[in-house]
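In what follows, a structure is listed as structure tokens, so that the remarks can point back to it.
Nothing in this text is a laboratory measurement; each read-out follows from the coordinates by a stated rule. All values derive from a computational prediction rather than experimental measurement. FYI the Cβ positions are ideal-geometry reconstructions off the backbone, even for glycines, and counts take in every protein chain you see.
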Amino acid sequence: MRTIALYTTETMADWEYAYLTTQIVGAEQLKPGRFRLLLVGDGLEPVRTLGNLPLTPEADLDALDALADDGSLAALVIPGGDHYAAGHERLIEAVGHLVDQEIPVAAICGATLLLARGGFLDERRHTSNAAPYLEASGYRGGAHYVETPVVTNRGVTTASGIHAIPFTAEVMRITGLVPDAMADAWEQVFLSAREDDYMALMEATATWQNS
């Protein structure tokens with residue numbers, strides 16, 4: 001079974017990870033025994049999300065090392081939050097280890113600022129909430145900034161906080177949670193709400209479930 005780790009921290013933005021957590025559960029209902037969600041934190045102290053929901057990490061960041069070593073870590077997902085302009089040094093270190101091992105790291109909204117602080121966006125195409133938002137970090141990657149909802153480059157995925165749906169679909173693709181065709185159809189129906197897109201999603205889901 002592969003693990004999608006979700007960084008669990010104070011003020012984590014609820015809407016930026018909720019689509020993904022439900023998609024992991026949904027994929028497991030269709031084809032059990034493939035993926036699990038693991039809440040990892042800088043320690044095991046309970047946190048409060050931006051919506052004031054209580055969450056408790058299931059594992060410390062150190063657990064990522066063993067998961068990476070045995071090949072079961074599919075990705076580390078870092079939701080946005082209000083406190084990434086400073087601190088989180090252990091998370092930056094963990095991201096560095098994962099990037100070196102070519103394990104996907106996906107960050108959205110404020111978490112992209114953390115990646116910029118760590119130097120991970122200096123030579124990668126990336127996006128965020130806005131270019132000036134990242135410039136405040138003093139990073140050197142401004143020439144690689146792209147105005148688009150989500151970007152994946154050399155194992156690092158970045159997204160704007162207002163594009164949680166494209167971000168979720170991209171994480172579904174890079175982890176192999178579901179086939180690309182199903183992730184594409186899911187993204188389209190959630191963006192368009194059109195009946196024909198919904199039917200395309202149902203068809204893609206049935207094809208995968210019966211394969």
Problem set entry | Cα centroid separation - the range 128-158 against the range 183-211, whole Å | 30 Å
Exercise. Of Ile174, Ile78, Ile162, which has the largest mean-square fluctuation in a 10 Å C-alpha GNM of the chain?
Worked result: Ile162
Seminar exercise, completed: Simple SL model, points at 7 angstrom along Cα→Cβ for Arg154 and Asn52; separation in nm is 4.4 nm
Exercise. Using r as the Cβ-Cβ distance of Arg90 and Met202, and R0 as 41 Å, what FRET efficiency do you calculate, to the nearest 0.05?
Worked result: 0.45
Exercise. By how many nm would the segment from Asp14 to Glu135 grow when fully extended, if each residue of separation counts as 0.36 nm and the alpha-carbon distance is taken off?
Worked result: 41.0 nm
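Please check the chain for the longest run free of GluC sites (Glu not before Pro) that are loop-located per DSSP (anything but H, G, I, E, B) and have at most 16 other Cβ atoms within 10 Å.
Values: sites that count: Glu10, Glu58, Glu102, Glu123, Glu147.
Longest site-free region, per DSSP loop and neighbour criteria: 148-211.
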Problem set entry | Fraction of beta bridges assigned by DSSP in the range 2-178 that are antiparallel (%, nearest 5) | 25 percent
Seminar exercise, completed: Answer in debye to the nearest 20: the dipole magnitude of the chain about its Cα centre, from +1 Lys/Arg and -1 Asp/Glu charges placed on Cβ, is 200 debye
For this session: Would you mind telling me which residue in Thr157, Thr148, Thr127 has the biggest mean-square fluctuation in a Gaussian network model of the chain, where springs connect alpha carbons within a distance under 10 angstrom?
Result: Thr148
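Tell me, Tyr19, Tyr84 in order of fewest to most beta-carbon neighbours within 10 Å?
Tyr19, Tyr84
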Seminar exercise, completed: Scoring only Lys, Arg, Asp and Glu (+1, +1, -1, -1) among other residues with Cβ under 11 Å from the Cβ of Leu115 yields +1
Seminar exercise, completed: In nm, the gap between the two label points placed 7 Å beyond Cα toward Cβ at Ser192 and Gln101 is 3.9 nm
Problem set entry | For the range 26-67 versus the range 79-102, the gap between their alpha-carbon centres in whole angstrom | 16 Å
Seminar exercise, completed: Computed about the Cα centre, the charge dipole of the range 39-156 from +1 Lys/Arg and -1 Asp/Glu charges at the Cβ has a magnitude in debye, to the nearest 20, of 540 debye
Seminar exercise, completed: For Ser211, the net charge from surrounding residues (Cβ-Cβ under 14 Å; K, R +1; D, E -1) works out to 0
